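Derivation of every value follows stated rules applied to the coordinates shown; laboratory data play no part. Bear in mind the structure is a predicted one, so any value in this text is a computation, not a measurement. Methodologically, a virtual Cβ is constructed for each residue, glycine included, from the backbone with ideal geometry; neighbour enumeration extends over all protein chains shown.
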Amino acid sequence: MLDRALKGSKTYWTLVIILLGFISAGSLAYLHQFKNGLGVTGMSRDVSWGFYISQFTFLVGVAASAVMLVIPYYLHNYKKFGRIVILGEFLAIASVTMCMTFIFVDMGQPMRILNVILHPTPNSILFWDAMVLNGYLGLNLVIGWATLHAEKKGTPPPAWSKPLIYLSIPWAVSIHTVTAFLYAGLPGRHFWLTAIMAARFLASAFAGGPALLIILALVLRKYTKFDPGREPIQSVAKIVAYAMVANVFFIILELFTAFYSNIPGHMHAFEFLYAHGNLVPLMWASSVLAVLSLILIIPPKFRENESTLILACISIFISLWIDKGFGLVIGGFVPTPFNTITEYWPTLPETIITLGVWALGFLVLTILYKVAISVREELGTAGPPK
Amino acid sequence: MGIFFSFFMVILLVLIAYFGIAAAGLHTLFGIIIPYAAFVTFCIGFLLKVIKWGRAPVPFHIPTTCGQQMTLPWINYSKLDNPSSTSGVIGRMILEVFCFRSLFRNLKTGLNNGNISYASDKWLWLAGLAFHYSFAVVLIRHLRFFLEPVPALINTIDSLDGFLQVGVPHFLLSGGVLLIAALYLFFRRTSNPQVRYISLPADYFPLFLIAGIALSGIIMRYISKVDIIKVKQLTVSLAELKGNAPEGIGTIFFIHLFLICTLLVYFPFSKLMHMGGIFLSPTRNLPNDSRIKRHINPWNPEVKVHTYEAYENDFREKMKGAGIPVEKE
Amino acid sequence: MYNGSKIIIGLIIFLAIATFPFYSNIGKSAGVPMPDTNTPVINGLDKKECVASAEYMKKEHMKVLDEWRDEVVREGKRDVINVGGRVFEKSLQNGCMQCHSNKSRFCDECHSYAGVKPYCWDCHHFKEGRI
Amino acid sequence: MAKGTPKPEELTSSIDYNPPATGWRETPVDFKEGTFCHGARPSYLQDVGFPNAREWAPADSDWKLPENWKEIFLEAMGERLKKYRSFQLFMDICVRCGACADKCHFFIGTGDPKNMPVLRAELIRSVYRKYFTTAGKLLGKNAGARELTLDVLKELWYYYYQCTECRRCSVFCPYGIDQAEITMIVREIFNLLGLNTDWIAGPVSNCYKKGNHLGLEPHTITSNIEYLLDDIEEITGIRIEPTFNRKGAEILFVTPSGDLFGDPGTYTAMGYLMLFHELGLDYTWSTYASEGGNFGFFTSMDMAKRLNYKKTRQA
Amino acid sequence: MRIDRRKFLQIAGLSGIGLGLSAADGLFKGKALASGAHSLPSSGTRLAFVIDVNKIEGEDGYRRIIEACHKIHNVPNIPNTKHEVKWIWTDSYEHSFPDQPNEFLPEKIKEKPFLLLCNHCDKPPCVRVCPTKATFKNPDGIVVQDPHRCIGCRFCMAACPYGSRSFNWVDPRNYLDMKNINPDFPTRTMGVVEKCTLCPERLARGLEPACAEASNGAIVFGNLADPESEVRKILNTHYTLRRKPEIGTQPSIFYVIGGGENAG
């Protein structure tokens, strides 16, 4: 099936070459970082995790979101998701690939990365995160590939794939929960030290990932012969709406606890993010977009209109990207353990590397989607369902 | 078929080297004479085999066509799968030699409830690539034993190969990949009923031999270490045509070396010659231009033909009856 | 031979690659390195004895150092090694290099001969002629 | 086909891709009803001057082979190893990776492991090793070699006539090993022993003598085309007047002879006739060279075709 | 014994934090707790510092202590504060004890620099989070950072509530006078985390940690598990502070603020 990725239209190859260009630029920047140390980034003694880890955190959510299609389709037999469930699984593969690459580029000693396996440390959440991420990557690769392959052969999916699919459901929840535990279990970091962290992660994941999926499905419909039909997109939109409401609700809960209790440590990060740090404009943009997206996605009139729906999805994606792909990690570090402020902003090499990793993920996604759509085109099942 | 025969052959080779060194102390034989003999056999055997192929002409000009032929300028044709020019052939050969393009196409035919189905099957391609590329890296890495001073490029390859800091000395990925790929190919040969059926001792033997080489190399590096300086002394002296075999290197080295020598000797007389053969394969290295150029069979024989005259003689009356012009009334 | 020129060119390339080690070494007569123990400290010893035999150390010194490293840093086993009344610290810098104070002759020469690049010296350091 | 054509499911249900327990060299050939053709009738072979023409049947135990069949076979094989680089190469470099194994439609349809291109080639490779390589001579079976016996010859014949020379195996082979070329060469050798099939020898003889594989004689060709012209006139009202064996024409038109005889080829022929008329081409039909396909599959026929083509051009 | 300890750490890591907040009390009262999780290591060693803030004589006193440590451990002096490597340094009361703010603090204390270094916690979060066991607690109670094992993920830096860990953002050798470094001690490589080691190489030779030695008695080093030790004697007679005790890390660095005589 992989050979389908080697034959494509001019648009496809242009996209691939552009992505390869970004990947090469990212690789060169990474070589620079490898040679000169992580000092080329904006990270510091106080803000010891930056853009890489926050992107990783955000993308774990995107990866976990595939489960929002798998549950209705496989667990509730909601047949209308038959067309797009593969998009979710392949999006998960691309996202986990990005996650692992982001962790890799964040390592001070990438040569020793296997130490995580050679010296397994079950008390470290990072060890578990490495395990669940690899497992999730494997699960989605095997499931996505096997089901698509069976579709192509015209046979039912292999019997062994069923238990794996059921396993992938709690596994998707686990990758996000474990990633939330990376943060939620650290003493002395008030911003993260909250029991609701994993729930927040899941809510934002189930809003942001499916929102991206809607955007991707609509883009695919525009530029390829693939059309999942209107109804599954509307169903995903409802999922996005509920999840986004929950996500905003959870943030309000955090704000209430912090400010009503009036405990300084709990308020610091919010004050920095929303009142006097360099992230203030971004965080407000995120909040405004969140509210705007709710206005656009809750009323059925707007949600059912695909041009406002896509606006809502873009707003949600950007809002959550800022919130989780930036604010959450940086916000936890910037008020330092000394109650001082050390600002953080990514440097140029850091940005190029980040773009390169995103390009890598999108290349993986492009190739996987190309394969899936080509197979469907050959089978004549790419068009809208009758 | 022949699994045990091949396995015991390799074990036998190991034992020969072991007793040759450990018991008989034949350092010069195993360190100098056999390697030189093996290398010369390899080179000359290889040359002779290719020359033997070269002496046979190519009467058929029928490259394998896997796509649209070049016809009219406005019809897109498959430049790589049905090349009409030398550049297309070069492109096809490069992809074949470096990417194993034909294997990339591989499918698996299966029966599902009375329906024949075709499934993608790229494991052989993947394992083949892993096997050959890791072998190439291992070979290039070994130049550090033959060149003094060691070129910077070789050192770079070595450090990239040992990028992951695992073990002391660092584990070299290519060696591990080579061993795993060889074992996978063996596993495939035995687990796939069709491939197992066609396999000969000549298929198992090189796999065991190469796995043995990889394994003895890995053992020598990580478990039962040898005196690496003396090893290089020996190898450099071989390269400088001086040939002196210092003692005290360690028997495992001679086992490694002897297995390599066996591989070198075995090479020109076996299927391993596919290395040279792929370049000469007429279905791959010819352009499909038989409608553009006339290719004449190089040993073009005289043949008896049924001439027009004879034809007219056979059917003259019938032709006349049908109003077809005839030469002779 | 048919297509003779192409085949011969191919064969010449093959031979050029196969015999590369033979001609590339011409004119670069290689001296064989010998780990040099000619240092003031060693010369001043009555009994020239190390923590293990030279034969063993040649093959396993990296392993010895690796084990020492784990013992000292991770297990706190800083007990010294006593060989014939002479005491050795389990340390590259403060053990080995105290006697073998000629890094370039004792370490580097062989390492570069064998194309080995240990990363010990990224952290550990040695000042030539310190002792 | 008295039993009627079986349904696809009935056919596929009997396929088993798992090879038998015995190795292929120990599994004797089984001439299965319906999987082989009649032996060539002597007259066809005599027409083209091939040796050892005789009445024989593949299912018989006695093939009435000439006394020295083994020498003929091996000598012809040795000659062809020197004459065909492809043959020599394809004998030497196969690594038995099995990529071609499930690509042959004979294998897909029968599940007979010896129909895997690799194994079909191995049948002759084992003979090659025994008589043409040092290792095979010395090590015998362990080098994958075997004696050329009558059973081996029959096996070769049985499987080398189960190949349509479609060359699909060659597409998948990493070295481009082409079973079609091996088949051609091995069948060439069989022709020296008079071992052809009727279905091939007949058309070949017809092409040679009458110019097309159906054996249409000149007057039959012209009258068939007349019928087509009548039909065209009836439908379009235009009468087309093609020429036959006309000298000095710019184009000699040669088409598969089926187009002149049976539906739906005839519709195609009517199409050409109308198209050429519309374009106003200066062309002529030939009754002498009236076969577009090449049923030769062996070189002498190929050569004959080319010569007569030239001749007509000149005419 | 060490194996038991490891097992315990694994359990602690999995069952989360907050196992017994009264451990500090227990120590102060000098009674062993019934629960094994909080008892002293059976080797009977838990190394600790008591720092008498008042005994350090002015700017010079601090500099001498810091230099003593940084010099012998080849800690680079990196001007860019974002990339700084610090094993022992000073900061104000406000920053050092942000959880105990007091706007009515005596001016003297408010302006007083506090010596900060790794707390060698009894329940170190950094050890809990490290995915490779590069940082671990040895039987003496020292929190060890093994630079050979470290993969540079910096999870420990996120976990440390005291900002005690430094990462080598750049090659430290660029900021060391390589001609005048301590020949007995290694430098570190780029991309690993480092911190105060509590001078095991000096302890092995029967010496005090470098900072204690250079402090003229302001820093007292000793074994908390030994009731007769000097550190225990001071703790018995002085009111001391520890940094962020409420998060249950149980630091081993104690600060004597008010001066022994008054507190006693």
Counting only residues 5 or more places away or on other chains, whose amide H sits under 5 Å from the amide H of B:S120 once H atoms are built in the peptide plane?
B:K108
Karplus-derived 3J(HN,Hα), 6.51/-1.76/1.60, for each residue of the range A:290-298, Hz, glycine and proline x:
4, 5, 4, 5, 4, 4, 7, 10, 6
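Find, to one decimal place in angstroms, the Kirkwood hydrodynamic radius of the range D:163-261, where the mean of 1/r is taken over every pair of different Cα atoms and then inverted. Write down the numbers at each step before the final one.
Working: mean 1/r = 0.0582 Å⁻¹.
Answer for the range D:163-261: a Kirkwood hydrodynamic radius of 17.2 Å.
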Compute the distance in nm between two label points, each set 7 Å from the Cα along the Cα-to-Cβ direction, one at A:L6 and one at B:L107.
1.6 nm
In nanometres, what is the gap between the two model label sites at B:A119 and B:L80, each 7 Å from Cα along Cα-to-Cβ?
2.6 nm
With charges set only on the Cβ (+1 for Lys and Arg, -1 for Asp and Glu), what does the dipole of chain A come to about its Cα centre, in debye to the nearest 20?
1140 debye
What do you get for GluC sites (Glu not before Pro) in the range D:193-271 restricted to DSSP loop and a cutoff of at most 13 other Cβ within 10 Å of the site's Cβ?
D:E250
Phi to ³J(HN,Hα) by Karplus 6.51 cos²θ - 1.76 cosθ + 1.60 over the range D:226-232, Hz, x for Gly, Pro
3, 4, 4, 5, 4, 4, 4
Collect residues whose amide H, placed 1.01 Å from N in the peptide plane, falls under 5 Å from the amide H of E:T135; neighbours closer than 5 in sequence don't count.
E:D146
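Taking every pair of Cα atoms in the range B:133-280, average 1/r, invert it to obtain the Kirkwood radius, and report Rg/Rh to two decimals.
On the way: Rg = 16.8 Å, Rh = 16.9 Å.
Rounded to two decimals, Rg/Rh equals 0.99.
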Over all pairs of different Cα atoms in the range B:1-98, the reciprocal of the mean inverse distance gives a Kirkwood radius in Å of 18.7 Å
Phi-based couplings in Hz for the range E:153-162 (Karplus 6.51, -1.76, 1.60; Gly and Pro marked x)
7, 6, 5, 4, 5, 5, 7, 5, x, 10
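Rounded to the nearest 500 deg cm²/dmol, what is the calculated helix-only ellipticity per residue at 222 nm for chain D, with -39500 (n - 2.57) per DSSP H run of length n ≥ 4?
Details: 14 runs with 156 residues, N = 315.
Helix contribution divided over all residues of chain D: -15000 deg cm²/dmol.
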So if I place +1 on the C-beta of Lys and Arg and -1 on the C-beta of Asp and Glu, and nothing else carries charge, what would the dipole magnitude of the protein assembly as shown be about its Cα centre? I want it in debye, nearest 20.
1200 debye
For the range D:55-144, take every pair of Cα atoms, bin their distances at 5 Å starting from 0, and report each bin as a whole percent.
3, 12, 16, 18, 19, 18, 12, 2, 0
Taking the Cα centre of the range A:75-194 as the origin and placing charges on Cβ (Lys, Arg +1; Asp, Glu -1), which of A:A184, A:N140, A:F127 is farthest toward the positive end of the dipole?
A:N140
Wrap a convex hull around the Cα atoms of the range B:3-298, take a quarter of its surface area, and give that in square nanometres.
20.9 nm²
For the protein assembly as shown, what are Rg and Dmax over the alpha carbons, in angstrom?
40.9, 147
Links that overshoot a 23 Å alpha carbon limit, given the list A:K80/A:K225; A:K324/E:K244; C:K77/C:K127:
A:K324/E:K244; C:K77/C:K127
Taking a straight Cα-to-Cα line shorter than 20 Å from D:K137, and setting aside same-chain lysines fewer than 8 residues away, one finds B:K49, B:K52, B:K271, D:K70, D:K82
Please compute one quarter of the surface area of the Cα convex hull for the range A:2-379 and express it in square nanometres.
19.0 nm²
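Quick check for me: using +1 on Lys/Arg Cβ and -1 on Asp/Glu Cβ, what's the dipole size of the range D:18-88 about its Cα centre, in debye to the nearest 20? Before the final figure, lay out the partial values.
Values: 10 positive and 11 negative charges, 85 e Å.
So the magnitude is around 400 debye.
Beyond 17 Å, what share of the Cα-Cα pairs of the range E:116-191 remains, rounded to the nearest whole percent?
On the way: 1415 of 2850 pairs.
Result: 50 percent of Cα pairs exceed 17 Å.
Return the subset of B:K304/D:K247; A:K152/D:K154; C:K90/C:K117; A:K10/A:K35; A:K152/D:K7 for which the Cα-Cα distance in this structure is over 31 Å, preserving the input order.
Numbers: B:K304/D:K247 24 Å; A:K152/D:K154 41 Å; C:K90/C:K117 22 Å; A:K10/A:K35 37 Å; A:K152/D:K7 24 Å.
The answer is A:K152/D:K154; A:K10/A:K35.
Does the range D:1-77 come out rounded, prolate or oblate, given a ≥ b ≥ c as the square roots of the eigenvalues of its C-alpha gyration tensor, rounded meaning a/c under 1.5 and, failing that, prolate meaning a/b above b/c? Don't jump to the answer; show the numbers that get you there.
Working: a/c = 3.02, a/b = 1.50, b/c = 2.01.
Taking the square roots of the gyration eigenvalues as a ≥ b ≥ c, the range D:1-77 is oblate.
How large is the translational diffusion coefficient of the range C:1-121 in µm² per second when you combine the Kirkwood radius over alpha carbon pairs with Stokes-Einstein at 25 °C and 0.890 mPa s? Please list the in-between numbers first.
Working: Rh = 18.2 Å.
Reported coefficient: 135 µm²/s.
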Work out the charge dipole of the protein assembly as shown with +1 on the Cβ of Lys and Arg and -1 on the Cβ of Asp and Glu about the Cα centre, then indicate which of B:A239, B:H27, B:H142 is farthest towards its positive end.
B:H27
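Tell me the chymotrypsin sites (Phe, Trp or Tyr not before Pro) within the range A:116-174 that lie in a loop according to DSSP and have at most 13 other beta-carbon atoms within 10 Å. Intermediate results must be reported in sequence, preceding the final value.
On the way: sites: A:F127, A:W128, A:Y136, A:W145, A:W160, A:Y166, A:W171; in loops: A:W160.
Within the range A:116-174, the qualifying chymotrypsin sites (Phe, Trp or Tyr not before Pro) (loop, at most 13 other Cβ atoms within 10 Å) are A:W160.
Over the range E:122-264, consider all pairs of different Cα atoms and compute the Kirkwood hydrodynamic radius from their mean reciprocal separation; express it in Å, one decimal. Please list the in-between numbers first.
Numbers: mean 1/r = 0.0582 Å⁻¹.
For the range E:122-264, inverting the mean 1/r across all distinct Cα pairs yields 17.2 Å.
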Rounded to one decimal in nm, the spacing of the 7 Å Cα→Cβ label points at A:N77 and C:D122 is 5.8 nm
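Sort A:V96, D:V127 so that the residue with the fewest other Cβ atoms within 10 Å of its own Cβ comes first and the one with the most comes last. Intermediate values should be presented prior to the final figure.
Working: A:V96 29, D:V127 24.
Fewest-to-most Cβ neighbours within 10 Å comes out as D:V127, A:V96.
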Could you tell me which residue out of B:W299, B:I223, B:P325 lies farthest along the dipole of the range B:200-329 toward its positive end? Charges go on the beta carbon: Lys and Arg +1, Asp and Glu -1, centred on the Cα centre.
B:I223
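Per residue and in cubic angstrom, what volume does the convex hull of the Cα atoms of chain D have? Walk me through the numbers before you get to the answer.
On the way: hull volume 55.9 nm³, N = 315.
Measuring per residue, one finds 178 Å³ for the Cα hull of chain D.
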